[in-house]
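The values are calculated or read from the model by the stated rules, or taken from the named source; none is laboratory data. What you are looking at is a predicted structure, and each value in this text was computed from that prediction instead of being measured. Neighbour counts run over all protein chains shown; Cβ positions are idealised from the backbone, glycine included.
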Amino acid sequence: AITGDSVLLKFEKAKCALIDSLRRVEDIVPQSIGCQILEIVSELEGTVFSLDLLEKQVGDEMITLLQHGRKFDDCNDNNELESFHQAATRLGITSSRAALTERRALKKLIERARAEEDKRKESIVAYLLHLMRKYSKLFRSEVSDDNDSQGSTPCSPTVLGSFEDGGSGGNGQAFERQLSKLSSFNFKPNIRRSGQIPIPPEELRCPISLQLMYDPVIIASGQTYERICIEKWLGDGHDTCPKTQQRLPHLSLTPNYCVKGLIASWCEQNGVPNPDGPPESLDLNYWRLALSESETANTRSVDSVGFCNLKGVKVGPLEESGTIEEIEGKEAENEHPCVQEEVSELNVLERYQDLLSVLNEEENLRKRCKVVEQIRLLLKDDEEARIFMGANGFVEGLLQFLDSAVREGNAMAQEIGAMALFNLAVNNNRNKELMLAAGVILLLEDMVSNSNAHESATALYLNLSCLEQAKSIIGSSKAVPFLVQLLGSETDPQCKLDALHTLYNLSTVHSNIPSLLSAGIVNGLQPLVISGDNAWTEKSIAVLLNLAASQAGISEMVSACGLISDLASVLDTGELIEQEQAVSCLLLLCNGSEKCCQMVLQEGVIPALVSISVNGTTRGREKSQKLLMLFREQRQRD
């Protein structure tokens, strides 16, 4: 119900793709089959997908419920109960068995979201599962799900962030970047050796007050705190996270209603009253002094007085006094490996922040070059570093550095900056999107126009062109003539190969074909078709195949002097995959064009086609047989 619009869009895209594919083969197959395909296309075009009105209404109500669920007051709880109960009833979840099936389905969705590391999706499904558990008693009998007992392990608390792309202050991006993966916590009560009073899981307690949170909020570091505690901390002039000591890019607070719901569930299951208000007294001085001492010492060793060393402080039972009990040193010593691991992580985060500070604040370009080179090396093989840096302002910092290098005409700095951005974008679409939004394409245009740092610029173009939404942006920019020009230049072979692969990516978007043709791509590809290098030949013909998807591309290729002859020679001398591509391309060119058929036949391709129809790849055999049939039909007409 919630994702109905998304599902509808997927169906529409699949329908359009199917219609497009059928139209491409309509003129290739025999006329009788073509007529049948035309009927199918007409039927598809008349097909209209629509959502069930009841499910759409329920979906809209659930989205509204999710958006307003962050308030957590009594009035909201009542509205929440009513909305969820109505939605469940309309969807037919009116029995214990139906509720059980729904809960199990939600758990599977959580597992899938974890496997995909989709924190936003995980938090949404976790909240829905919480609602299902909390309110299923309204429409189920005494039968209960064993998996929903206190031994269940709901997902780690994460932040939903904004449901809208705009967000406020970029909070959604900050919350998705949690480097330290929170482990699932168990709802079984922790029992003290001296009594039977349950102690809340660490994830549900504020790291400052060490008490169950009444109004949990999340800050830019991804940590969750009691609102009043973190507001006082920030109000005292601190701009770091009390737990990780990471410098905060902004001081925005976002309600963490997922954790709020988990706290309510834990209290209900363990017979503990819900917190009815924030802590009455805050002993923040102790934490402030500890952190100050840690910063003064400028060390992150296990013996320093940072927040991690306060692991020996544990919360006592939830009594009215809210006292804190200190554990003796021997128990604390057992936690040193964990402390060392956290300290090591803090060292890394601190180093990243130092690099960013120099990158943004240093005016000397030479010093900034050294920092950018360090960043490039750090990003080379570290996926987590890419995630962290992308979410913490390194994209903007590196682009500003590259802009300075271009304005000053420093070719070496331009190369270093472009390759740092390249490493930051490897296997990370989110960072690519940030670069596009920050204007990297315009900056690259200036770079290739005013310097000779072509290799690094081309590599970055190639990396960005792997992102679907970047293809049309690059295809409409000055990058196209630059890349086509590289194909015929005496430049580094790797740079030329990068340009070819980039042009292939751009050619997969139909709207880019006119700009590619006007830039002279056919003439640029022609020498590469017969280069004798398998990598060049295969990718060049692949680009030609994409160009042949348009009538303008076919006309340009047929009129190109010698191209038909070059493709025909590949039928005789190429590898199997190259032969397959060449015969596929010739079939597209010859279909519906008697002139092209005559040109191909004049090259004496019949023996090669017969050989491919017997010894080629499966697709090559199929295409060669169709081309031979096309020639046979034309001779019969003549």
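Return the residues of the range 554-569 that are in a helix (DSSP H, G or I) and more than 22 Å from R24 (Cβ to Cβ); say none if nothing qualifies. Spell out the reasoning first.
Step one: list which residues in the range 554-569 are in a helix (DSSP H, G or I), which gives 554-559, 563-569.
Answer for the range 554-569, where residues must be in a helix (DSSP H, G or I) and more than 22 Å from R24 (Cβ to Cβ): S565, D566, A568, S569.
Looking at A499, A470 in this structure, which one is closer than 20 Å to E538 by Cα, in contact with a helix residue (DSSP H, G or I) (Cβ under 9 Å, 6 or more places away or on another chain), in a helix (DSSP H, G or I) and not assigned by TED's automatic domain parsing to the domain that holds E116?
Checking each option against the conditions leaves just A499.
Which of the residues belonging to the range 450-467 are part of a loop (DSSP other than H, G, I, E, B) and modelled with pLDDT of 90 or more?
Across the range 450-467, the qualifying residues are S465, C466, L467.
Just to verify a result, which residue in the range 108-132, among those that are charged (D, E, K, R) and either buried (at least 21 other Cβ atoms within 10 Å of the Cβ) or modelled with pLDDT under 70 (or both), is farthest from R430 (Cα to Cα)?
Selected residue: E122.
Restricting the search to the range 425-462, which residues are among the polar types (S, T, N, Q) and touching a Ser or Thr at 6+ places or on another chain (Cβ under 9 Å)?
The first filter runs over the range 425-462 and keeps only residues among the polar types (S, T, N, Q), leaving 427-429, 431, 449-452, 456, 458.
Of everything in the range 425-462, just one residue is among the polar types (S, T, N, Q) and touching a Ser or Thr at 6+ places or on another chain (Cβ under 9 Å), namely T458.
Please verify whether E102 is within 32 Å of the chain's Cα centre (by Cα), part of a helix (DSSP H, G or I), at pLDDT below 70 and over 30 Å from L22 (Cα atoms), treating the condition exactly as stated.
No; evaluated as a whole, the condition is false for this residue.
Out of the strands (runs of 3 or more DSSP E) lying entirely within the range 219-335, which hold 3 or more residues that are at pLDDT 75 or above?
224-226
For the range 344-446, list the helices (runs of 4 or more DSSP H) that sit wholly inside it and hold at least 1 residues that are over 22 Å from S465 (Cβ atoms); which are they?
Where helices (runs of 4 or more DSSP H) fall fully within the range 344-446 and carry at least 1 residues being over 22 Å from S465 (Cβ atoms), they are 365-379, 383-391, 394-408, 411-425.
Restricting to the range 476-516, count the residues that are over 14 Å from Y461 (Cβ atoms) and in contact with a Pro (Cβ under 9 Å, 6 or more places away or on another chain).
Number satisfying all stated conditions: 2.
With the structure loaded, tell me whether S465 is touching a helix residue (DSSP H, G or I) at 6+ places or on another chain (Cβ under 6 Å) and surrounded by fewer than 22 Cβ atoms within 10 Å (Cβ to Cβ) or whether it fails that test.
So S465 fails the test.
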